[in-house]
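One structure follows; several queries about it will come next.
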Amino acid sequence: MTKKEAMEIVTQDGSALEQMPDEFKADKDVVLAAVSANGISLGLVSEIFRNDKDVVLAAISENYLSIEYVSETLRNDKDVALTLVSSNGYSLEFVSETLRNDKDVVLDAVSKQGLSLRFVSETLRNDKDVVLAAVSSNGYSLEFVSETLRNDKDVVLAAVSSNGRSLELVSETFRNDKDVVLAAVSENGDSLVSVSEALRDDKDVVLAAASSCMYREKNELL
């Protein structure tokens, strides 16, 4: 078998690397072609390639789950971490503790999947930029926000505007704040159940909730 033939085979099926002669398993071009076709085939290569940045970046770009096979050294590499979380924000779970405290990496992750905030350092759970990005992506990430920022109106408004039902996670003070409540029920009328007694009968609030529910039901019928 020639190198060209080996390249053609692994380009079609990365897992075919397992059946390749040792000379091709040790060839970076062949390995790159394999992991570019199937990132999980990173599990078939030697430690040398699991610690090769070009190979690792190609693998995790194809399938973020291949992080399982990446060397400890490269799990602490910022470029690798950024590529990983760009593919799937939840993969923040697999990067080093140091990089879970890197604002660039964390912002990229939580902007895509807000709930990945659960994997973020305590320091950055108290960073308003990070928190706003997370709750804007998924209001329910409010659950993982620092106590200080859970009492920040900007944060709460961003959360309920993203997911009205996240109103159930906010303090009684905000459930009785008309701006917050209107944002929540406008996004999801069902969040009316979490509104304070004082505002539950407010005309503006009731109309906003009803309008939201009618809009949703209309879309469901289309």
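Taking only pairs six or more apart or across chains, which ones have beta-carbon atoms under 6 Å, a first residue in region 155-173 that is under 12 Å from Tyr140 (Cβ atoms), and a second residue that is of a type in the set (S, T, N, Q) and buried (at least 24 other Cβ atoms within 10 Å of the Cβ)?
From region 155-173, the pairs are Ala159/Ser166; Val160/Ser166; Gly164/Ser191; Arg165/Ser191; Leu167/Ser191.
Please note which helices (runs of 4 or more DSSP H) are completely contained in region 122-222 and include at least 2 residues that are over 26 Å from the mean Cα position of the chain (by Cα) and at pLDDT below 95.
Passing ranges, in order: 172-175, 178-187, 197-200, 203-221.
In the list Leu115, Leu65, Leu92, which residue meets the criterion of being surrounded by fewer than 22 Cβ atoms within 10 Å (Cβ to Cβ), of a type in the set (A, V, I, L, M) and under 11 Å from the mean Cα position of the chain (by Cα)?
None of the other options fit; the residue is Leu115.
Working only within region 78-89, note down all residues that are crowded, with 17+ Cβ neighbours inside 10 Å and more than 19 Å from Val35 (Cα to Cα).
Matches in region 78-89: Gly89 only.
Let me ask something else about it. Looking at (1) buried (at least 24 other Cβ atoms within 10 Å of the Cβ); (2) within 11 Å of Ala81 (Cα to Cα); (3) at pLDDT 95 or above, which one does Asp104 not meet, given that it meets all the others?
(1)
What is the residue count in region 26-84 for residues that are of a type in the set (A, V, I, L, M, F, W, C), under 21 Å from Asp108 (Cα atoms) and part of a helix (DSSP H, G or I)?
Counting residues in region 26-84 that are of a type in the set (A, V, I, L, M, F, W, C), under 21 Å from Asp108 (Cα atoms) and part of a helix (DSSP H, G or I) gives 12.
Just to check your reading of the model, which residue among Ser71, Ser121 is in contact with a Lys or Arg (Cβ under 7 Å, 6 or more places away or on another chain), closer than 15 Å to Leu57 by Cβ, surrounded by fewer than 19 Cβ atoms within 10 Å (Cβ to Cβ) and of a type in the set (S, T, N, Q)?
That would be Ser71, the only listed residue that is in contact with a Lys or Arg (Cβ under 7 Å, 6 or more places away or on another chain), closer than 15 Å to Leu57 by Cβ, surrounded by fewer than 19 Cβ atoms within 10 Å (Cβ to Cβ) and of a type in the set (S, T, N, Q).
Do we find a residue being crowded, with 18+ Cβ neighbours inside 10 Å and closer than 20 Å to Glu72 by Cβ anywhere in region 17-34?
Within region 17-34, one or more residues are crowded, with 18+ Cβ neighbours inside 10 Å and closer than 20 Å to Glu72 by Cβ.
On the given criteria, is Leu99 in contact with a helix residue (DSSP H, G or I) (Cβ under 9 Å, 6 or more places away or on another chain), surrounded by 18 or more Cβ atoms within 10 Å (Cβ to Cβ) and either within 18 Å of Gly114 (Cα to Cα) or among the small types (Gly, Ala, Ser) (or both)?
yes
The values are calculated or read from the model by the stated rules, or taken from the named source; none is laboratory data. Values in this document were obtained by computation on a predicted structure and should not be read as measured data. Counting neighbours? That spans all protein chains shown, and the Cβs are built from the backbone with ideal geometry, glycine included.
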